[in-house]
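*Asks:* The structure under discussion is supplied below as structure tokens; questions concerning it will follow.
Readers should treat all values here as calculations from the given coordinates under stated rules, not as data from a laboratory. These numbers come from a predicted model, not from an experiment. All Cβ positions, glycine included, derive from the backbone under ideal geometry; neighbour counts span all protein chains shown.
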């Protein structure tokens, strides 16, 4: 079975998003469930590391406060991994109020951590959901993003 880290993350997200269980399962429980679901140990380890990165203290992400006329300038590495369509979609999410500048930086960090050679808009949508879900007080932004992920007409205009 050939999966990537995002497949493992999406499985976990879809499995535990509606779970009423508290507290969250520990990594050994998650690892066991993922093995039973057929995922490989390398992808499991990478996905669990990715989740650790999502919940780490993101105060170390350096960015300057934005003004209304500010523009996010992507580095060469970021532009290489996030094509113009992906960067445009991220900008669109900021413009409609789903992502704050801090959340955008967390999103870019987590997208690059996927180590996927090509990152598309569908992948971005799922990672945005995970970022918003991991942050308290983001229920409205999460609900709006969930509508974008599951809407039938994917022809968004931005």
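*Asks:* Put a dot 7 Å past each Cα toward the Cβ at residue 120 and residue 147; how far apart are the dots in nm?
*Replies:* About 2.5 nm, to one decimal.
*Asks:* Tell me, what is the FRET efficiency for residue 105 and residue 15 to the nearest 0.05, using R0 = 25 angstrom and their Cβ-Cβ distance as r?
*Replies:* 0.35
*Asks:* Which whole-number percent of Cα pairs in region 64-158 have a distance greater than 20 Å?
*Replies:* 33 percent
*Asks:* May I ask you to compute the full-extension gain from residue 95 to residue 133, defined as 0.36 nm times their residue separation minus their alpha-carbon distance, rounded to one decimal in nm?
*Replies:* That pair, residue 95 and residue 133, stretches by 11.7 nm at full extension.
*Asks:* Same structure again: How far apart, in nanometres, would the label points at residue 49 and residue 72 be if each is projected 7 angstrom from Cα along the Cα-to-Cβ direction?
*Replies:* Simple spin-label model gives 2.4 nm for this pair.
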